[in-house]
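None of the figures in this text is laboratory data; all of them are computed from the coordinates on show. None of the values given here were measured: they were computed from a predicted structure. Because the Cβ atoms are built from the backbone with ideal geometry, glycine has one as well, and the counts that use them run over all protein chains shown.
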Amino acid sequence: MSQIIDLRKKNSPPEITKPVIQAPPAPTVEPVVKIEPPVLPETSHIKWSVHLSPPHRRDRIMYATVAFVIAAVLVAYFARDFLFTTVLILSAVVLNLNAFKPRRQSEISVHATGVSIDNQHHHYADMKSFWIDYQSDLKELSIEMKKGYTPRIKIPLEDTDPLEIRRAMVSYVPEKEHEQSLLDQIIRLIGM
């Protein structure tokens, strides 16, 4: 309190000093600088075309179908389990339907934001890990997603350089070896 008001002197009003308000400084206009998007190296965008399923081996599929039907008859006769018999017969039907389904080429692209298969894009943030299986008879990229109910995505590499794909993905997704499951080995043996 810098001022003391004496109430005995009613004639003169107290002097009140007004604070001085300064005008805000005039805004300065800076020139607009155009920022170019960063140029990514060539290894960050890899494209190739591939069949996602191996060529159908119809002879092996026919053997598997016959095995399913024989197993269904044996289960129906000895165990009298008609539900499992139905599952075996439906498996044989689905196996045959899949064998006559035409194969088609898929466009695969590995780039800075993720992996694209045709029009379906998988972001690196949704991936748990990846592994490149590079053996004499098997060359494929295996991607495990963070969602537990999503199966592993397996993409054949064919003539694509696995080191380029590894260089493009290793900075975004952890590299972890994926074991081949029994189902993967059976599917590969049957030729689906």
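Taking a ≥ b ≥ c as the square roots of the eigenvalues of the alpha carbon gyration tensor, region 48-192 is prolate, as a/c is not under 1.5 and a/b beats b/c.
What pairs in Lys128/Lys154; Lys146/Lys176; Lys101/Lys147; Lys47/Lys147; Lys101/Lys154 have C-alpha atoms more than 23 Å from each other? Among Lys128/Lys154; Lys146/Lys176; Lys101/Lys147; Lys47/Lys147; Lys101/Lys154, the Cα-Cα distance tops 23 Å for Lys101/Lys147; Lys47/Lys147.
Can you tally the net charge around Ala125? Count Lys and Arg as +1, Asp and Glu as -1, for every other residue whose Cβ sits under 13 Å from the Cβ of Ala125. If you can, show how the numbers build up before the last one.
Working: positive: Lys128, Lys146, Lys147; negative: Asp126.
With Lys, Arg at +1 and Asp, Glu at -1, the neighbours total +2.
When each of the peptides 77-83, 138-144 is scored by how many other beta carbons lie within 10 Å of its residues on average, the order from highest to lowest is 138-144, 77-83.
Taking the number of Cβ atoms within 10 Å of each Cβ as an exposure proxy, the fewest-first ranking of His51, His56 is His51, His56. Loop-resident chymotrypsin sites (Phe, Trp or Tyr not before Pro) (DSSP state other than H, G, I, E or B) in region 127-157 with no more than 11 further Cβ atoms inside 10 Å of their Cβ: Tyr149.
Using a cut-off of 13 Å between beta-carbons, work out the net charge of the residues near Ala99 (Lys and Arg +1, Asp and Glu -1, Ala99 not included). With Lys, Arg at +1 and Asp, Glu at -1, the neighbours total +4.
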